[in-house]
Amino acid sequence: MSVIPLVFTSGWASGINAYAVVLLLGLFGATGVSDEVPAALQRTDVLIVAGVLFLCEAVADKIPYVDSVWDTAHTVIRPVAGAVIAALLAGESGSLPELAAGAIGGSTALMSHLVKAGTRMAVNTSPEPFSNVGMSIAEDLGVAGVVTFAIFNPVAAAIIAAMLLVLGIVTVVFLASRIRRFLRRRAQVREEKRLAGTGGPRPPG
């Protein structure tokens, strides 16, 4: 069977939580649940690092505004992780050139990352922290569920991932006004900090 569905699903999931994808796939391979997981993802050091970073993300992802800072820092990391995981999966199966797999995984991860980051910006316009916690838990459960399902039924999992990606894009478009509000607020805070650091605006003349 072609590895494309698994590549697409892992790319979508990497855009949301790349560390969870590495950890889950590595554990599935190390425990013998799946023979399609590359040996590189099953290494003990890789699993330990992925586990530690996953815990860091689990905390940062639930704190208002910190989650958006974390997303910004991962704008490059998540797509690169998606591309690398996809290339490794393709190399293991031999059914898809690694470069093509990397392109699919990386681009899909970038799209899902932008959806996640945009949604979090919209959520951060609300004053309470509970929506951030709820979103984070839903994302983690979604990634875990879809990646696990992809091991046993990659085609169906890829269809679910594609539907979630489209739904996410539509949601971000619908929340565009709230995202702009978040960006304006962040720009205002930065300007206030800059003025505070310089002693305030200089008088004219």
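The values are calculated or read from the model by the stated rules, or taken from the named source; none is laboratory data. Given the structure is predicted, the values throughout are model-derived calculations rather than measurements. Positions of Cβ are backbone-derived with ideal geometry, glycine not excepted, and every protein chain shown enters the neighbour counts. SASA here: full protein model, heavy atoms, side chains in, ligands and nucleic acids out. Shrake-Rupley method; radii C 1.70, N 1.55, O 1.52, S 1.80 Å.
At a glance:
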read-out	value
Filtered residue count, the stretch 35-52, keeping only those that are over 25 Å from M111 (Cβ atoms) and not in a helix (DSSP H, G or I)	2
Tally, over the stretch 124-154, of residues that are under 20 Å from G29 (Cβ atoms) and in a helix (DSSP H, G or I)	11
Residues of the stretch 48-58 satisfying the condition of being open to solvent by less than 30 Å² (accessible area, probe 1.4 Å) and more than 13 Å from the chain's Cα centre (by Cα)	A50, G51
Odd one out for E36 among (1) modelled with pLDDT under 95; (2) under 13 Å from the mean Cα position of the chain (by Cα)	(2)
Residue that is modelled with the lowest pLDDT, among those in the stretch 1-33 that are among the polar types (S, T, N, Q) and out of contact with any helix residue (DSSP H, G or I) (no Cβ under 7 Å at 6 or more places or on another chain)	S2
Number of positions in the stretch 58-98 that are within 22 Å of A144 (Cβ to Cβ), of a type in the set (V, I, T) and not in a helix (DSSP H, G or I)	1
Residues satisfying the stated conditions in the stretch 75-90, i.e. of a type outside the set (S, T, N, Q) and open to solvent by 10 Å² or more (accessible area, probe 1.4 Å)	V76, I77, P79, V80, A81, A83, V84, A87, L88
Filter result for G15 (part of a helix (DSSP H, G or I) and not β-branched (V, I, T))	yes
So R43, is it surrounded by 18 or more Cβ atoms within 10 Å (Cβ to Cβ) and of a type in the set (K, R)	no
Tally, over the stretch 1-32, of residues that are in contact with a Leu (Cβ under 8 Å, 6 or more places away or on another chain), in contact (Cβ under 8 Å) with a residue 24 or more places away in the chain and within 15 Å of L89 (Cβ to Cβ)	10
Residues (open to solvent by 10 Å² or more (accessible area, probe 1.4 Å) and either over 13 Å from the mean Cα position of the chain (by Cα) or not aromatic (F, W, Y) (or both)) located in the stretch 7-17	F8, I16
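Residues checked against (1) open to solvent by less than 30 Å² (accessible area, probe 1.4 Å); (2) touching a Leu at 6+ places or on another chain (Cβ under 7 Å); (3) at pLDDT below 85; (4) at positive phi:
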{"position": "E92", "(1), (2), (3), (4)": "no, no, yes, no"}
{"position": "E98", "(1), (2), (3), (4)": "no, no, no, no"}
{"position": "G102", "(1), (2), (3), (4)": "yes, no, no, no"}
{"position": "T108", "(1), (2), (3), (4)": "yes, no, no, no"}
{"position": "M111", "(1), (2), (3), (4)": "no, yes, no, no"}
{"position": "L114", "(1), (2), (3), (4)": "no, no, no, no"}
{"position": "N124", "(1), (2), (3), (4)": "yes, no, yes, no"}
{"position": "P127", "(1), (2), (3), (4)": "no, no, yes, no"}
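Yes or no, residue by residue, for (1) open to solvent by less than 50 Å² (accessible area, probe 1.4 Å); (2) at pLDDT 90 or above:
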{"residue": "N132", "(1), (2)": "yes, no"}
{"residue": "T148", "(1), (2)": "yes, yes"}
{"residue": "F152", "(1), (2)": "no, yes"}
{"residue": "I159", "(1), (2)": "no, yes"}
{"residue": "V172", "(1), (2)": "yes, no"}
